[in-house]
Amino acid sequence: MKRFLTLTAIGALLAAPVMADTLRVGLATAQTGGLATYDSPVIDGVHIAVNEINAAGGIGGTTMIELIEKDVRSDAAQTSIAAQELVDAGVSVLVLPCDADPSLAAIGIVSSAQIPAISTCASSPTLPMIGGDYMFANFPGDNVQATVSAAWAREQGHDSTYIIYSPDSQYTTMPLYFAEVFEKSGGTVLGQDTHSIGQQDFSAIATRIASLEDQPDVIMTSAYEPDFPSMLKALRAAGVTSQIIGSDGIDSPTTFSLGDAGEGVVFTTAGHALDGNPLADFNTKFEAATGNKSETVFNAVGYDLIKVVEAAVLVTEGSTDPQKIRDAIANLEGIQGATSTITYKGTNGMPVRQVALIQVKGGEREYLGSPSPDAAMIPAPRMQ
Amino acid sequence: MITSPPKHIVASILGIVALCIGAALVASALGSASERILTVFFISLIAVVGMGVYSGNSGILSFGHLSFMGIGAYASALLTLPVQMKVATLPKLPEWLAGTETGLLTAITVAILFTSIVAFIIGLALNRLEGSAATIATLGLLIIVHGITIGWRDVTRGSQSFFGVPRDTTLWSAAIFCILALIVARLYRDSVSGLRLRAGRENAIAASAVGVHIRRERLIAWVLSAAIMALSGALMAHFLGAFSPKKFYFTDTFLLLAMLIVGGMTTVTGAITGALTITIVTEVLRRFEGGFSVAGMEVPAVFGTTQIGIGLIILFAMFRKPEGLAGLKELEERFLTGHSVKPKSKDTHVTVASADPTPLTGDNLTMRFGGLVAVNGVSIEVKPSEIVGLIGPNGSGKTTLLNMLSGVLTPTEGSVQRGDMVLTNAAPHDVANHGIARTFQNIRLFNELTVYQNVLTAALSTLDGKRAIERCEAAIVAMGVAQFAENDANTLSYGDQRRVEIARALACEPSLVFLDEPAAGMNREETDELMKTLQTLTSELGLGVLIVDHDLKLINQLCDRIIVLNEGMLIAQGTPAEIRKNPAVIEAYLGHS
């Protein structure tokens, strides 16, 4: 027994230098439960990136990435437990779920351990604000998406807008950002309506808009399924012909199968695959690795997440010290991911990313471009 | 007052304290991740035991208790949220609340009180429902409270994260509150109210007949369990620091209910067992689902194993242990002896609410069930010191008449009176308090309670519980069931169960007792023994007896007076000799000659 212990101790000593070249990334994300819909595709993308990097000899040819995965079952308490376990296991970077509840439940641990944490796909710009110095997001912020779509609308010569939002969640208040940018760039907001998530019946709102003396040029909403299709149909049925602008929440097959009602709808999303662009490359890699076509842009978002980590470790020259990695992430600029270039420098943790504009045309996806948002126009995050 | 032997309570409290402190010491030695797991375990256990206080003791499964956890969490969080945070995130908060910032203990106390008040108001309405209707109503409660929490955006931030709550819940504060919650739940189970409620769970009609006001006891348990849920919610809020209404909705409801049901709803031991089993299985499986290697073999990650594991335990428990892994008894009840009664140790006498010679009169009683007239215009008088037999062919309305006289049924027409006291519309538990006790045609004992507890429930629920133990023991001795005092009622033979039922009626110290087929299932010796006992009670103590039986020999020998019913009508009454000769009676029993 004693000999065994000695051998183990020697083994551990020998292993130690190797350990220094391994970056431990802890995944405390939802593989089951309600949040798995969002987290699970992101983690698939994370695996693609990690396998690719490790196959090439690690980050910079030296630092291998080791993933330690925990399922938090979409529960905040479990996330805090998993985060603590991963911190104890010595991870240098922590990946947290898409939703604010579990991420915020874990943030106390993250901050006191001084380890950077990246949310898989949270888009609320308030999350890094509340989360503090160690909390990063990995998705175009709601305010950035709204800035891009508002700028597009103004360029198209649309002068008036009407917004429909739901105060039920941060995400569904995106139209408030849109209205702010729209007004700042000289447009007029004719009015606004609120709904609740899952409301289904939008005839009252549709009638109200149809009876306006001046019809709005654009109507902006960030409602998603099942609300968005019913809202759209109600508006069209009431005779409202305004341009409809949505957000990435409606980037789903349903939106393209709505027939005449869906025709012409414009929305923002994280990226668009064009021949030879990074997203198309990623989709090829995804299919080669898994045998399936990538069905959601969240796969590529997961790939982006690891690309950010990779870039940060390159800056630290292979150091896996969490504090150094955090500082490196906070200063990253123009990192090429699968969906976009990513910049954290000058932000509070909500990355600046390009946003793709998509229009529904004949039931197909038409790419309108990926304009970079004008930083001066991006509204400040709202806490309420 | 606690109804179980003090040694049970002492053992139980020592066990709870040792378990919680021991676990906390081990976890703090193992490191901060273990501390977190155990903290969540303690908070969950508080909730499980809180659900058990109501669902276990009343027998009504509640899906709505997580709403009290939510109310407790939001109330406590709102009180402790720093003022600047409130200004930034909840600008429309009422002014008095916006300016309030209290410490953890104050906040938890206020949250518990507030939740209790809410629960009391809800309980008043919910209490009017029985069985599955009540269960479905609790489901409605969960949905409504969830809806209100989401809709009341100015105070709750709607469905968005409520964040910035001070993270004050530590392992040790969770442990101490858990000990408190477990002890409160354990004490309630064996309190007078808890015993009455459990009796009502076992048999609601019989419990009412011995004076238990079931709705009142249910309301007490409901409010107490809501208070415990609020404690759990507040601790959870201060553990997470950020939460939203979905934390207190279906997912957690089912997880916590699974713990309660797997362990056993009716005991604190069950709550602990269930929470422990599910937590341990979850923790073990969780470690494997991320992928591991065995002897050089790499097993890939299979997420979802944990949920499948929990599902399998529930299935296993329901197949093999439908009443839960811990069964229906507390651990200490299995190892320590219960209440015993020495057969003739004391100078035991069943006494009667002395000298209440007022007769009970039923006047022109009619009971219709739809088109069926079960009892038609029957007038009847029963006096103390008299044994009256009530006979008639099957379906002649005897039991219906007893049910009207004892308040189980309200007559369609006619009145029941004792002296000036009108009992026509009185609830069964009120009738029991007017010196009238009864037994049932189909034995209605509190099956999972001991013989002692069966009788004690009756003694505690009548005459304001005065001299309850004395009355209980006297009745047990008088009916000769002292040797079974510690046994569960459902383990007794049929004849003994009948005797326990009579003992339970006698413990109410009635001046009138109604016996519905007391000799059914007894052999001749047992029947003779019973007759002797009844005669003694009547002659020595002035007890009045109204007895229904098909054993005409028993009726003839025992009764001073016999009343005969046929097809809901009173066809004859008189002494046994008169009745034997009555042509109408002969016709009713034998048909036209």
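Observations, loosely collected:
- Condition check for B:Phe239: aromatic (Phe, Trp, Tyr) and within 11 Å of chain A (Cβ to nearest Cβ): yes
- Per the listing A:Thr207, A:Thr241, A:Thr284, the residue uniquely surrounded by fewer than 20 Cβ atoms within 10 Å (Cβ to Cβ), among the hydroxyl-bearing types (Ser, Thr, Tyr), part of a loop (DSSP other than H, G, I, E, B) and at pLDDT 90 or above is A:Thr241.
- Scanning the range B:168-179 for residues that are surrounded by fewer than 17 Cβ atoms within 10 Å (Cβ to Cβ) and in contact with a helix residue (DSSP H, G or I) (Cβ under 7 Å, 6 or more places away or on another chain) turns up just one, B:Trp172.
- Test result for B:Phe316, within 14 Å of chain A (Cβ to nearest Cβ) and without any contact (Cβ under 8 Å) to a residue 24 or more places away in the chain: no
- Candidates B:Leu105, B:Leu78, B:Leu66, B:Leu97, filtered to the one that is modelled with pLDDT under 95 and closer than 17 Å to B:Ala237 by Cβ: B:Leu97
- For the range A:31-42, taking the residues that are more than 9 Å from chain B (Cβ to nearest Cβ) and hydrophobic (A, V, I, L, M, F, W, C), the one that is farthest from A:Glu317 (Cα to Cα) is identified as A:Leu35.
- For the range A:302-384, the strands (runs of 3 or more DSSP E) that sit wholly inside it and include 3 or more residues that are more than 30 Å from A:Glu66 (Cα to Cα) are A:356-361, A:364-369.
- Criterion (in contact with a Ser or Thr (Cβ under 8 Å, 6 or more places away or on another chain), within 13 Å of chain A (Cβ to nearest Cβ), among the hydroxyl-bearing types (Ser, Thr, Tyr) and buried (at least 19 other Cβ atoms within 10 Å of the Cβ)) met by exactly one of B:Thr251, B:Thr282: B:Thr282
- Filter pass, A:Gly33 being part of a loop (DSSP other than H, G, I, E, B) and either in the same structural domain as A:Val313 (by TED's automatic domain parsing) or over 20 Å from the mean Cα position of the chain (by Cα) (or both): yes
- Contacts under 9 angstrom Cβ, first residue in the range B:6-30 being in the same structural domain as B:Ala181 (by TED's automatic domain parsing) and under 15 Å from B:Ala271 (Cα atoms), partner among the hydroxyl-bearing types (Ser, Thr, Tyr) and in a helix (DSSP H, G or I), 6 or more apart: B:Ser12/B:Thr269; B:Gly15/B:Thr269
- Among the residues of the range B:292-311, just one is within 7 Å of chain A (Cβ to nearest Cβ) and on the phi > 0 side of the Ramachandran plot, namely B:Gly304.
- Taking the criterion of being buried (at least 20 other Cβ atoms within 10 Å of the Cβ) and hydrophobic (A, V, I, L, M, F, W, C), the residues of the range A:210-237 that qualify are A:Val218, A:Ile219, A:Met220, A:Ala223, A:Phe228, A:Met231, A:Leu232, A:Ala234, A:Leu235.
- Condition check for B:Gly123: at positive phi and not basic (Lys, Arg): no
- Here the range A:321-348 is the region considered, the condition is being crowded, with 21+ Cβ neighbours inside 10 Å and in contact with a Gly (Cβ under 9 Å, 6 or more places away or on another chain), and the residue that is modelled with the lowest pLDDT is A:Ser340.
- Among the residues examined, A:Glu366 does not qualify as assigned by TED's automatic domain parsing to the domain that holds A:Thr37 and out of contact with any helix residue (DSSP H, G or I) (no Cβ under 8 Å at 6 or more places or on another chain).
- Residue that is farthest from the chain's Cα centre (by Cα) [pool: residues in the range B:188-223 that are in a loop (DSSP other than H, G, I, E, B) and among the hydrophobic types (A, V, I, L, M, F, W, C)]: B:Val210
- Qualifying residue in the range A:69-87 (condition: farther than 30 Å from B:Pro166 by Cβ, part of a strand (DSSP E or B) and not small (Gly, Ala, Ser)): yes
- Helices (runs of 4 or more DSSP H) (entirely within the range B:1-118) containing at least 3 residues that are within 14 Å of chain A (Cβ to nearest Cβ): B:6-30, B:32-58, B:65-80, B:83-89
- Cβ separations smaller than 8 Å between residues 6+ apart or across chains give the following pairs from the range A:71-83 residues that are more than 7 Å from every other protein chain (Cβ to nearest Cβ) to residues that are among the small types (Gly, Ala, Ser) and part of a helix (DSSP H, G or I): A:Val72/A:Ala82; A:Ser74/A:Ala36; A:Thr79/A:Ser103; A:Thr79/A:Ala105; A:Thr79/A:Ala106; A:Ala82/A:Ala106; A:Ala83/A:Ala106.
- Filtered by the rule that a residue be among the hydrophobic types (A, V, I, L, M, F, W, C) and under 18 Å from B:Arg286 (Cβ atoms), the range A:30-54 gives A:Ala30, A:Leu35, A:Ala36, A:Ile43.
- Comparison of B:Leu66, B:Leu104 shows that the only residue that is aliphatic (A, V, I, L, M) and surrounded by fewer than 24 Cβ atoms within 10 Å (Cβ to Cβ) is B:Leu104.
- Cβ separations smaller than 9 Å between residues 6+ apart or across chains give the following pairs from the range B:51-79 residues that are farther than 16 Å from B:Ala221 by Cβ to residues that are charged (D, E, K, R) and not in a helix (DSSP H, G or I): B:Leu79/B:Glu101.
- Any pair with Cβ under 8 angstrom, 6 or more apart, that starts in the range B:449-463 at a residue that is surrounded by fewer than 24 Cβ atoms within 10 Å (Cβ to Cβ) and ends at one that is outside any helix (DSSP H, G or I) and small (Gly, Ala, Ser): B:Thr450/B:Gly338; B:Thr450/B:Ala485; B:Leu463/B:Ala353
- Test for A:Phe136: is it more than 14 Å from chain B (Cβ to nearest Cβ) and more than 19 Å from the chain's Cα centre (by Cα): no
- Criterion: within 13 Å of chain A (Cβ to nearest Cβ), more than 18 Å from B:Met229 (Cβ to Cβ) and not in a loop (DSSP other than H, G, I, E, B) - qualifying residue of B:Ile136, B:Ile150: B:Ile150
The values are calculated or read from the model by the stated rules, or taken from the named source; none is laboratory data. Remember, it's a predicted structure, so these values are computed and weren't measured experimentally. Cβ coordinates were reconstructed from backbone atoms using ideal geometry, including for glycine residues, and neighbour counts include every protein chain displayed.
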